1. Tell me the mean residue ellipticity at 222 nm calculated for the chain from its helices only (DSSP H runs of n ≥ 4, each -39500 (n - 2.57), averaged over every residue, nearest 500).
2. List the DSSP H helices in the chain whose Cα atoms stretch 15 Å or more along the helix axis and whose mean Kyte-Doolittle hydropathy is at least 0.0.
3. Tell me which of 67, 7, 158 sits at the most positive position along the dipole axis of the chain, charges placed on C-beta atoms (Lys, Arg +1; Asp, Glu -1).
4. Provide, for q = 0.07, 0.08, 0.14 Å⁻¹, the log10 of I(q)/I(0) from a solvent-free Debye sum over equal Cα point scatterers in the chain.
5. Could you work out the relative contact order of the chain? I mean the mean sequence separation of Cα pairs under 8 Å and 6+ apart, divided by the number of residues, in percent.
6. Cut-off under 23 Å on the C-alpha distance; same-chain residues fewer than 8 positions from residue 16 excluded. Which lysines are left, in chain and number order?
7. Restricting to DSSP loop positions (anything but H, G, I, E, B) with no more than 14 other Cβ atoms inside 10 Å of their own Cβ, which trypsin sites (Lys or Arg not before Pro) remain in region 83-163?
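Derivation of every value follows stated rules applied to the coordinates shown; laboratory data play no part. A quick note: this is a predicted structure, and the numbers were derived from the prediction, not measured. No Cβ is skipped: glycine too gets one built from the backbone with ideal geometry, and neighbour counts run over all protein chains shown.
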Amino acid sequence: MRGKFITFEGGEGTGKSTQAHLLADALRNQGINVTITREPGGTEGAELVRALLVSGAISRWSPLSEVLLLNAARLDHLTKVILPALETGNWVICDRFTDSTIAYQGYGHGVDLAFIQNLHQQLFSTNTPDLTFVFDLDPSVGIQRSLQRHTSETRFENMQLEFHNRMRQGYLDIAHQDVSRCILINAADTVDNVHKTILNGIERLQLS
Ligand code: TMP
């Protein structure tokens, strides 16, 4: 039986990566085989694209170039990692997927939403996630949290607060427009409470 495809989405410093790992551990304890991965990245080529996108000057890429690079990396990741794992029955937990491009490049940068949606429709329509957790947090809090990590991956964190506020609104719209797929998470809550909310959400998949 094909595995379930779960994505974690949200702004910077919302704790989604921590929660993705906690969920992977919990599912493994239930005897489920789990593949945990991330975007941009997840394959050798896509990790190279990630390095080009998340570091360096903001002006390094135009918004439209970001869309194209992200989707080139995504197609590689989907074909080489996500689909093979789902086909062997593994559950796949992916830290970011297509909603990130709608929220960041569409709402944040103002790239035409219809263009992005059309591209996603052509490339990924048969592989929509079964469940998506959308982490919501005030970007001024999240960016501080994220910058405290002291990595070189700060290109998006360095974008203006208005960019991050538009991106946040994008995620809220996505979560409200697709309630059968998305569960909105208050990322200001404790790690423990968020984990419990996620485990409750997962029951949707185990009942289906
Ligand atoms: P991360 O911080 O969650 O690891 O993600 C890396 C950065 O890439 C993050 O700042 C958001 C950005 N990003 C986009 O702008 N669009 C996308 O489609 C994806 C997948 C990530």
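1. -15000 deg cm²/dmol
2. Helices passing the filter in the chain: 44-54, 63-77, 113-124.
3. Projecting each Cα onto the dipole axis, the largest value belongs to 7.
4. -0.19, -0.25, -0.81
5. Relative CO of the chain lands at 33 percent.
6. 4, 196
7. For trypsin sites (Lys or Arg not before Pro) across region 83-163 that sit outside H, G, I, E and B with at most 14 neighbouring Cβ atoms in 10 Å, the list reads 149.
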